[in-house]
Amino acid sequence: MSQSEVYTVSVIDLMHKPGQMREASLDILTPESMGQGIAVIPMGTELDLDVRFESVHEGILVTGEVFVDADAECSRCLEPLTVPIEVDFQELFTYSVSSEDDHSVIDEQINLEQVIRDAVVLNLPLHPLCQFDCLGLCVECGVKMSENPHHVHEAPVDSRWIALKELQQQDPLNSNLQPEKE
Ligand SMILES: [Zn+2]
Ligand SMILES: [Zn+2]
């Protein structure tokens, strides 16, 4: 099976019968991952679809809803998260092809891949959070602030003192490693 074949649905029963419609529930295992950000749909994730196919004069009108779980991590504390995505989509698949951007009925079939991919990817969260008021990570030690919100650190050593110490160690005048002259 080619990758987009799983998104293909036969509509031969509805073609050129305006007014007729059919509803279907489809489960699709994604043959490819979706999204490139902090939240993605990995390959092999189950998409649950509720779809209505309606025959209209120009073609087949598809209206549906996708349910899928995205893998993500909290953008503040990096905790792994599952983000449920629920998206509506609608697209007219025409009998005639008038431009490359159009979706068409081809060989009595329609291919939902692009429609579903666009709907899902546009709805992946850009900055997912484990909870809306996530406190993130401590800038000093990286510990999760929600687990240890009141911990404190000793005042950091002033970096200028560290630089001065290093200088002293490198200065040959302060070094005892010089061989003594006889
Ligand atoms: Zn978080
Ligand atoms: Zn800390």
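The values are calculated or read from the model by the stated rules, or taken from the named source; none is laboratory data. Note that the structure is predicted; figures quoted are calculated from it, not measured. Every residue, glycine among them, receives a Cβ derived from its backbone with ideal geometry; neighbour counts consider all protein chains shown. Side chains are part of the model used for accessible areas, which takes the heavy atoms of the whole protein and leaves out ligands, DNA and RNA. Shrake-Rupley method; radii C 1.70, N 1.55, O 1.52, S 1.80 Å.
Scanning region 142-151 for residues that are open to solvent by 70 Å² or more (accessible area, probe 1.4 Å) and of a type outside the set (D, E, K, R) yields a total of 1.
Looking only at residues of region 121-169 that are of a type in the set (K, R) and modelled with pLDDT under 70, we find that the one that is farthest from ligand 2 (Cβ to nearest atom) is K165.
Please specify each residue of region 109-138 satisfying the condition of being part of a strand (DSSP E or B) and either open to solvent by 60 Å² or more (accessible area, probe 1.4 Å) or among the hydrophobic types (A, V, I, L, M, F, W, C) (or both).
Q109, I110, L137, listed by residue number.
Which one of these is free of Cβ contacts under 8 Å to residues at least 12 places away in the same chain and within 18 Å of L26 (Cα to Cα): Q114, Q90, Q109? Sole residue among the options that is free of Cβ contacts under 8 Å to residues at least 12 places away in the same chain and within 18 Å of L26 (Cα to Cα): Q114. The C-beta contact set for region 132-157 (first residue among the aromatic types (F, W, Y), second residue more than 13 Å from ligand 1 (Cβ to nearest atom), distance under 7 angstrom, 6+ apart or interchain) is empty.
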